[in-house]
Amino acid sequence: MAKSKLHFDVSVGLKRVLGRELITDDEVAIFEMVKNSFDAGASNVHLFFDSEKIIVADDGSGMDRDDLEKKWLFVAYSSKRDANRDYRDKASSRGHFAGSKGIGRFSSDRLGQTIILQSRPEKGGSEIHRLDINWDDFEKDDTQRFETIPLNYSDIERFEVPPELQDFGAKLLHGTIIEIQRLRHIWTREDLKSLKAALAKLINPFGSATDSFVIHITAPDELEKDKALEAQSKAKGKELSSRDIVNGRVGNFIFSDLRGKTTFIEVEISGDWISSTLTDRGEVVYKIREPNPYGLLSDAGFRCELYYLNQSAKQTFARRVGLPSVRFGSVFLFRNGFRVFPIGEEANDWFGYDRRKQQGYSRFLGSREIIGRVDVFGTDEDFQEASSRNQGLIETPAVRELQNCFTEHCLKRLEKYVVPVSWADSADASAEDVSRLLTDAGRARVSTAVAKLVDNDEVELLDYSRRLVGLLNERSAGFEASLGSLRAIAEKTGDKDFLRRLETAEKRYDELKRAEVEARKAADKERTAALRANERALRAEAEVEIERRRAHFLDSIVSLDVARTINLQHQVGIYAFELNQQIENLLRGTTEQAVISRDVVVAALEQISILNRRIQAASKFATMANFELDSGMIETDLAAFIEDYVSKLERLSLGKGTRISVTNSHSGLTLRFNPMDISIVVENLVSNAKKARAPRINFDIHGRDEDNALVIDVVDDGQGLARGVDPNRIFDMGYTATNTGSGLGLYHVRQVLGEMNGSIELNRDYEGRGIAFQVVIAPARKRT
């Protein structure tokens, strides 16, 4: 039997398969050409568009004739796979490449019928090597062999570019310019805007450049429209989104702004370890380290930045970028520094977060709430991009580990903070800083979240925020529950001093609890005796005379029945007993100490101060309250209560300096609260207005459209903040710019509002005389 050798022949039809039929999208075709510039070590790429041509010009390492013949014209050959890494990447300082199949050069067939390639190598003389290709020559007869189609080559002295690129061409010592003519598609303004937005995400959506790689777009036909839009925007005093302008540098400058406005996590894998840092609106919440279970990612340079977009961040994003974040995309994947398309595009769920979201809408984060990037570096064996150029990565064991690492160590870690900490407080979504988390209720949520995270022998807690994680005020409702979380954190970090302070605080808390029980027993006993005495008095023969004297006393203030008086006395007794207990604790705890630390004294005095304020509030209620007060709490319409309270202050203020007024348009919000706390809030704000010599202070009560939260805009027309006062610190304990103030008033206001799921902020947009605050109180967000 005769045997012989056969071989493949390649038809000219291969060009069509690798060109227009493989690259099915014009933007993807541009991407492929930009990738080649990136892999050539270019720092700058200029894209030129007009009705007749497209030009892609870069300052990469360039090519000589030998490179053109043996590499660029060698179909499906890529020197990027070679161990020697010669070809255009010799000048590249980048350790990895965006492409490696040797077919990206055919993407120009998608864009136009002919190309003119000009290239000057970094080393090899000053001549420029020109190659002319007519792709239609490959489509005349499919029986022709691919290598039989002749191409025109020549040497030229200087780069030939349009006037708009003359400056770039004249300074170009080395690089490549590809001009595409006889375009298959005329690019409209909308096409160019879409391309610019896509290119911004292709390289680095988190900054203006990656590895000093910058893209410029020049479209002379759109220049006048760009200038007109810029002039209109300037005249209106508005910021023009870069997305609306065609010409100029491609890049996003939004994410540096977002870092200070929202919560994000950074995760990196280095060898045997995974390191994670979670930051909330500029405050580093925690840094942890744990063993790396993903062996195939050990040397892949895995890095993830994942952002949670709260309402404030979404608004900032839409204003700066010019479109909602959900339309921008979600989590992008970058292989060797270049984006893998279409992962991260709107409606693309390659990482599977939207599938999880459907299983628990109120427990999981989806594409509408997150945005970020994942970076990996490696060979095609581990991370190979599909040849169709818009199908992501081919599935491999390393790719599966990549997806699993993102879900388990990035997405879920962010969820375990955002859901219990941020979502538990609906008003926190609009806050641009962590002020709402500095209340006892907020710090308790953060402490619990961090404690749950480190409740694992393999997780090492390297650092955590001392502002957000620490001892709560002993009167806080969440104090007792927080002790377990704080103890777990102290033990994890080996912080012996923190453990000692926890033990001291716990003992002091137990003493206060016992004291409160004793106080309530004594107060109950006194109240019972008083009620019985009153009953006997009512039955006594001297009832008429007693009532006459009682009426005479009450006429001088305001009508008040005996039962309510006894209830108020009951509360005063409790507060006074607790205040005395605080003093005794301070004296007993410092008896044998020659020197008492300032922190210990300040903490004790702050406790004493708030109890004294509540006693003062109770004395106010002895003349103003129109409700039954028992156990310190009432349940009623909070908006109406505040309006009624301020109205009484208004009547009392007539002719006495600062005039107090109130308006209420809220539909009503029934809550259970301590009226003494409302008194503390109102009285402190009024007191500050009087100290600032304000002729008037107004409380405007209204609702918030999205959740009917209670909003109170408080404005006084006094002297405003004193010179030198840091507006970021006015709610800090002990911060004051006067010689007479204690620095506790606004601190107490923020603390008691925090206990009510409320907050207070300085209104920095207020431009009138004096000062303005905004108080927001809302029910806790319900979650399933």
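Extension gain for Asp707 to Leu721 (0.36 nm times residue separation, less C-alpha to C-alpha distance): 1.9 nm. Sort region 673-738 into rounded, prolate or oblate with this rule: let a ≥ b ≥ c be the square roots of the eigenvalues of the Cα gyration tensor; rounded if a/c is under 1.5, and if a/c is not under 1.5, prolate when a/b is larger than b/c, oblate otherwise. Taking the square roots of the gyration eigenvalues as a ≥ b ≥ c, region 673-738 is prolate. Sorted on the mean count of surrounding Cβ atoms within 10 Å across their residues, most packed first, peptides 700-709, 361-370, 417-426 read 417-426, 361-370, 700-709. Under the combined filter of DSSP loop state and at most 15 neighbouring Cβ atoms within 10 Å, region 431-496 retains these trypsin sites (Lys or Arg not before Pro): Arg466, Arg467.
Measure up Lys15/Lys53; Lys287/Lys416; Lys261/Lys492; Lys201/Lys234; Lys412/Lys507; Lys314/Lys492 against 25 Å on the Cα-Cα distance and list the ones that go over. Display every interim value, and only then the final one.
Details: Lys15/Lys53 21 Å; Lys287/Lys416 15 Å; Lys261/Lys492 29 Å; Lys201/Lys234 27 Å; Lys412/Lys507 37 Å; Lys314/Lys492 36 Å.
Correct reply: Lys261/Lys492; Lys201/Lys234; Lys412/Lys507; Lys314/Lys492.
The stretch between Asp599 and Arg327 holds 92.9 nm of extra length on full extension. This uses 0.36 nm per residue minus the Cα-Cα distance. At the residue level, Arg16 shows approximately 60 square angstrom of accessible surface with a 1.4 angstrom probe and all protein chains present. Using a simple spin-label model with pseudo-atoms 7 Å out from Cα toward Cβ, Glu69 and Gln166 lie 3.6 nm apart. Measure out, as a whole number of angstrom, how far apart the alpha-carbon centroids of region 338-384 and region 430-487 sit. Cα centroid to Cα centroid, the span is 30 Å. Spin-label model, Asp495 to His216: label points 7 Å out along the Cα-to-beta-carbon direction sit 5.2 nm apart.
Note on Lys507 and Arg319: their simple-model spin labels are 5.2 nm apart, each label 7 Å out from Cα toward Cβ. Accessible area ranking (1.4 Å probe, heavy atoms, ligands and nucleic acids excluded), largest first, for Phe213, Phe341: Phe341, Phe213.
In this structure, Tyr735 and Glu408 have a Cβ-Cβ separation that, at R0 = 35 Å, corresponds to a calculated FRET efficiency of about 0.25. Accessible surface of region 345-413, 1.4 Å probe: 43 percent of it comes from carbon and sulfur atoms.
Gain on full extension, evaluated as 0.36 nm per residue between Ser11 and Glu635 minus their Cα-Cα distance, stands at 216.2 nm. How much FRET efficiency would the formula 1/(1 + (r/R0)^6) give for Gln359 and Lys234, where r is the Cβ-Cβ distance and R0 is 45 Å, rounded to 0.05? My answer for the efficiency is 0.40.
With a 10 Å radius around each residue's Cβ, average the other Cβ atoms per peptide and rank 749-755, 714-720, highest first.
749-755, 714-720
Grab the beta carbon distance between Ala481 and Gln391, set R0 = 45 Å, and tell me the FRET efficiency rounded to 0.05. Don't jump to the answer; show the numbers that get you there.
Details: r = 50 Å, r/R0 = 1.11.
For Ala481 and Gln391, the calculated efficiency is 0.35.
The values are calculated or read from the model by the stated rules, or taken from the named source; none is laboratory data. Bear in mind that the values here come from a model prediction, so they are computed numbers and not experimental data. Neighbour counts are summed over all protein chains in view; Cβ atoms, including those assigned to glycine, are modelled from backbone coordinates with ideal geometry. Protein only, heavy atoms only, side chains kept; ligands, DNA and RNA dropped before computing areas. Shrake-Rupley method; radii C 1.70, N 1.55, O 1.52, S 1.80 Å.
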